[in-house]
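The values are calculated or read from the model by the stated rules, or taken from the named source; none is laboratory data. Model, not experiment: these values are computed from the prediction. Here the Cβ positions follow ideal geometry from the backbone for every residue, glycine too, while neighbour counts run over all protein chains shown.
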Amino acid sequence: MVNGIINVYKEKGYTSFDVVAKMRGIFHQKKIGHTGTLDPDAEGVLPVCLGKATKVCDLLTDKDKVYRTVLLLGQETDTQDISGQVLKKCDVNVTEEQVRDVIGQFKGPQKQIPPMYSALKVNGKKLYELAREGKTIERKARDIEVFDIKIERIELPEVEMTVHCSKGTYIRTICNDIGEKLGCFGCMKSLLRTRVAGFDIKDAMKLSKIQEKADAGDHSMVISVDSVFDDLVRVNAAKEADKLVRNGNKLPVSFTDMRNEKPNHDVRYRLYTHDGIFIGVYSYIEDTSEFKPIKIFME
């Protein structure tokens, strides 16, 4: 079984589930998962986890993301993107200065109402399933944050932007809401995800290339699980602690290479065996001077 993460470039026309299905065929294994849904019309970075790396899927889904998007002013659609049915149209009589002013207002923490055409579930049913039945239900606004929103190009009625945002942010909805605030409607024309956590689009690989490499027995595109935690302090367990860590027990500081230091209970650590095998992510319990496992990746 292959264990690790591959930075996949999801192309237009594929769902995120399609990508996982293709990867299962390429690597001949079932234990594969993706780290955050991209709409079929969207493209870009989709980290895919294989084997024991599937345990990290939820952690990557929670990470912030960066998108390049094109906002089309002058029309509103039921899906909030250009693929939907046009509901309203109007002339775009706004200035570049007005566009810049309104877009700037979308930076920072805010509430966002998820679109009906989304995979969110209400009472066990996905919103887009209800939308296809012609139903619209009330959705609760969710807390999101736009860390940065940068205008790359204005050629009205189009505006190209780079958006750095928190998990759960719908770029389609931002485009819709900007158009609404400008008074001329708006929808998303295109979407490219350029970064998820440490996974960048310049390193992303299309499925055809992954297939080619896998067929040749080349797994160099598979990134190790612990690379996701490079920002955490590394701790090595002593040789005599092997049994403890393999059984998922707490680990006394005296059995690590930090025995002469005082760890911080407010941070997380990545632990390895004495011979460099990645164990998992741990927190520190100050009262008992022990490391407690949060997530174990070692098998």
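Here are the numbers for this structure:
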item: THR194, sole failed condition from (1) at pLDDT 90 or above; (2) part of a helix (DSSP H, G or I); (3) of a type in the set (S, T, N, Q); result: (2)
item: Filter pass, VAL8 being touching a residue at least 40 places away in the same chain (Cβ under 8 Å) and touching a His at 6+ places or on another chain (Cβ under 6 Å); result: no
item: Selected residue (only one of ARG246, ARG270 is of a type in the set (D, E, K, R), in contact with an Asp or Glu (Cβ under 8 Å, 6 or more places away or on another chain) and in contact (Cβ under 8 Å) with a residue 40 or more places away in the chain); result: ARG270
item: Residue match in the range 157-166 (condition: surrounded by 18 or more Cβ atoms within 10 Å (Cβ to Cβ), under 22 Å from ASP18 (Cβ atoms) and in contact with a helix residue (DSSP H, G or I) (Cβ under 7 Å, 6 or more places away or on another chain)); result: no
item: From VAL233, VAL228, VAL253, residue being of a type in the set (Val, Ile, Thr) and farther than 27 Å from VAL48 by Cα; result: VAL253
item: Pairs where the first residue, in the range 14-41, is not assigned by TED's automatic domain parsing to the domain that holds ASP81 and the second is in a loop (DSSP other than H, G, I, E, B) and of a type in the set (Lys, Arg), C-beta under 7 Å, 6+ apart; result: ARG24/LYS30; ASP41/LYS12
item: Complete set of residues in the range 80-131 that are basic (Lys, Arg) and part of a strand (DSSP E or B); result: LYS88, LYS89, LYS111, LYS121, LYS125, LYS126
item: Single unsatisfied condition, ARG172 versus (1) in a helix (DSSP H, G or I); (2) closer than 19 Å to GLN98 by Cβ; (3) not small (Gly, Ala, Ser); result: (2)
item: Answer from GLU129, GLU158, GLU138 - the residue that is among the charged types (D, E, K, R) and modelled with pLDDT of 95 or more; result: GLU158
item: Filtered residue count, the range 20-37, keeping only those that are aliphatic (A, V, I, L, M), touching a strand residue (DSSP E or B) at 6+ places or on another chain (Cβ under 7 Å) and surrounded by fewer than 21 Cβ atoms within 10 Å (Cβ to Cβ); result: 1
item: Considering residues of the range 35-71 that are under 14 Å from LYS167 (Cα atoms) and part of a loop (DSSP other than H, G, I, E, B) only, the residue modelled with the lowest pLDDT; result: ASP62
item: Sole residue being surrounded by fewer than 22 Cβ atoms within 10 Å (Cβ to Cβ) and more than 16 Å from the chain's Cα centre (by Cα), chosen from ASP58, ASP41, ASP81, ASP64; result: ASP41
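One line per residue, one yes/no per condition, for (1) among the aromatic types (Phe, Trp, Tyr); (2) touching a Pro at 6+ places or on another chain (Cβ under 7 Å); (3) under 30 Å from ASP18 (Cβ atoms):
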{"residue": "GLU155", "(1), (2), (3)": "no, no, no"}
{"residue": "ASP177", "(1), (2), (3)": "no, no, yes"}
{"residue": "GLY183", "(1), (2), (3)": "no, no, no"}
{"residue": "LYS202", "(1), (2), (3)": "no, no, yes"}
{"residue": "VAL245", "(1), (2), (3)": "no, no, no"}
{"residue": "LEU251", "(1), (2), (3)": "no, no, no"}
{"residue": "PHE255", "(1), (2), (3)": "yes, no, no"}
{"residue": "ARG259", "(1), (2), (3)": "no, no, no"}
{"residue": "LYS262", "(1), (2), (3)": "no, no, no"}
